[in-house]
Amino acid sequence: MQAYSTGSDAYYPQTTQYAQPQATYYAQYTQYHPYLPPQSQQTKAAPVYPGYAASYDSQAQFPTPAPPKRKLSRSIPAAPTAASVPSRSATPAQPRRSTKKQQHDRNPSSGGVVALARQFTSESKQRVNGLTRARSNSLARFRPDHLFVSFDSGNEIRMDDIAYQPTLDELREVLLPMWPPGISYEDSRGNKWRVRFLGKPWRSAGSDAILAQRIICSMYAVLARQGYSYLTTVRTNSRKPPRLLFVESSTDYDVRIFSTMFNASQMRLSLLDAPTDVASQLAQSLRAVFPRRISSYSADEDGVHIIEIKKERFGSRRADIDLFTACMLQSFSSIGFKLDGSVPFGLRTALGLGPRREAWIFRGTTRRSMDFTRKQPLPDGHS
């Protein structure tokens, strides 16, 4: 150690003696730690190994099929069958929370398992749009086989429980153009159909009454071709118009329909669009019952055939009317025509004068022989 005094450059040697280190003591320690490499050595690069592409087991790949396109349909979804409903015992599942709250004990008195069934109908007919809406809480769809018809307000046709779309289409195609003034309202909702004509066809007279009868006869013909036949008339004791009830039956493409209207005050029968042989057969039968009292006129330009019975000075008019009606029904039945309902018409005049009229509708089924054989009474002594 050297030291310099203040302000003097003279050297003063150190006189203090210290202990010197021993070489044998430090010789056992190296200068650097063994894990430290010398600086002279260079760092080796990491080894490079050759790369190989990863290989996996190849599996057959199939394209995922696209979901089938659903066509829009107005028909009722089919009711589930027993085969399409999964078994509860095979796949048990926990009920929903709302179902747990409403569970009740089931026993034979409260009800059992109801077997699902599917009701098959004719595939050739499309159901009308009224039955296209699915009904909730229903096991099977209902297809009505009866049809109700009423003539309301003097100018309206009401039909209920129309089951098939072709029936409605043909009714529209045939009936609507038949009334020259046209229609004021037409609607088909559900299985119902409403048509309101301009004017009052069901209360008309003259040529308008003839057109109104033809509309009714055409309606009968359409229903016969669509597989409906007249059954009965209901609601006859009400202030509302009666309802004609038709039932589903076999189709009849060769049906013949005509109408008659009887005027009791004049003892005159009008036949509209009746076959010629029908009118001549009726006139012949009436002459046998009312000798020298029957006057028959051939069909005019409107297709109306008129048969009149002359009044007697003495006698009951009611008895003549009843006998006339019985003879008419028997004559029509013998040649294959039967009474197929009646439609009430309004008063003869706009002032409400005169008796009410009624159109009788006759439908031809099978044409039988026109020869009518009366049963002869047995001789005395035979039973």
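Go ahead and collect, in residue order, the members of the stretch 228-255 whose backbone nitrogen is under 14 Å from a label point 7 Å along the Cα-Cβ direction of T325.
The answer is none.
Between E186 and Q266, what length comes free when the chain is fully extended (0.36 nm per residue of separation minus the Cα-Cα distance, one decimal in nm)?
Using 0.36 nm per residue and subtracting the Cα-Cα distance, I get 25.0 nm.
Classify the stretch 227-276 as rounded, prolate or oblate, taking a ≥ b ≥ c as the square roots of the eigenvalues of its Cα gyration tensor: rounded when a/c is under 1.5, otherwise prolate if a/b is larger than b/c and oblate if not. Intermediate values should be presented prior to the final figure.
Numbers: a/c = 4.42, a/b = 1.12, b/c = 3.97.
Here the stretch 227-276 falls in the oblate category.
Which length gain, in nm to one decimal place, applies between R293 and T276 when the Cα-Cα distance is subtracted from 0.36 nm times their residue separation?
4.0 nm
Mind checking which aspartates and glutamates have their C-alpha under 14 Å from K240, skipping anything on the same chain fewer than 8 residues away?
D152, E156
With label points built 7 Å along Cα→Cβ from the Cα atoms of K310 and T232, find their separation and express it in nm.
Modelled inter-label distance: 4.4 nm.
Sorting E312, E248 on the 10 Å Cβ count, fewest up front, what's the list?
E312, E248
Throughout, read-outs are computed from the coordinates displayed, never taken from laboratory work. Everything quoted here is computed from the prediction, not taken from an experiment. Positions of Cβ are generated from backbone atoms using ideal geometry, with glycine treated the same way; all protein chains shown enter the neighbour counts.
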